[in-house]
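Got a structure here, written out as structure tokens. Questions coming.
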Amino acid sequence: MFVILDLDGTIVDTTSIESLRAKKDWRGCIANCNSTALFNDIRDVIKTIRANEVRVGIVTNSVSYYALALLKHHRVQYDALICYHDTARHKPDPEPVLAAIRKMDCPNLLGWGIGDHASDCEAYRLAGISAAGAGWNPNLSTDVAWKKVIFKPKDILELVGIQ
């Protein structure tokens, strides 16, 4: 069992640096990490998931040095991280999702992908895993075919069978 999470807008609220992200000013994004915030309970949820032997992958279309800095700043643990330069194709293509699954050594596709954008949903679905929308993000793409929309990070525990 595994969970794959998008980074920006799913794990971390990066609204405060959205203009920098749009310009791909990754150094500016890193310099302003302190203006970003984890969504409520997400760190504890990830910790609980991993403690229950469910692997956690993070797949982002952002560059690795930004993703690593953001995850380190917020002390988020994970089992696999796939960033923009790790694959030839990017979300909504399933290649980065499948790379994360391989990196976590999860040969079966029993898992969930959680994100906030249409490209997340499409990548998860094309990879053959269930897609859940991160309803805690007020900017969640709602015009896509999420299998389920969850409204708080703690709902992830139920998705993976942790009570």
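Read the figures in this text as sums done on the coordinates, not as results from a lab. Computed from a prediction, not measured in an experiment: that's the story for all the values here. Neighbour counts are summed over all protein chains in view; Cβ atoms, including those assigned to glycine, are modelled from backbone coordinates with ideal geometry.
For a test of the definition: using alpha carbon positions, the gyration tensor, and the 1.5 limit on a/c, classify the stretch 92-163 as rounded, prolate or oblate. Mind dumping the intermediate values first?
On the way: a/c = 2.22, a/b = 1.21, b/c = 1.84.
Because a/c hits 1.5 or more and a/b fails to exceed b/c, the stretch 92-163 counts as oblate.
Let me ask something else. Let me spell out the model: positive unit charges on the Cβ of Lys and Arg, negative unit charges on the Cβ of Asp and Glu, origin at the Cα centre of the chain. What dipole size does that give, in debye rounded to 20?
Details: 19 positive and 19 negative charges, 60 e Å.
About 280 debye.
Additional query: Straight-line reach only, C-alpha to C-alpha below 18 angstrom: list the lysines that Lys152 could link to, leaving out same-chain residues fewer than 8 apart.
List returned: Lys47.
Kindly identify the stretch 1-131 as rounded, prolate or oblate by the Cα gyration tensor criterion: order the square roots of the eigenvalues as a ≥ b ≥ c, call it rounded if a/c is under 1.5, otherwise compare a/b with b/c, prolate if a/b is larger, else oblate.
On the way: a/c = 1.86, a/b = 1.32, b/c = 1.41.
Oblate is the answer for the stretch 1-131, as a/c is 1.5 or above yet b/c matches or exceeds a/b.
Sticking with this structure for a sec: Want the number for Lys23 to Lys148: 0.36 nm per residue separation, take away the alpha-carbon distance, what's left?
Gain on extension, Lys23 to Lys148, equals 41.8 nm.
Given R₀ = 25 Å, what would the calculated FRET efficiency be for Leu109 paired with Asp44, taking r from the Cβ atoms and rounding to 0.05?
0.40
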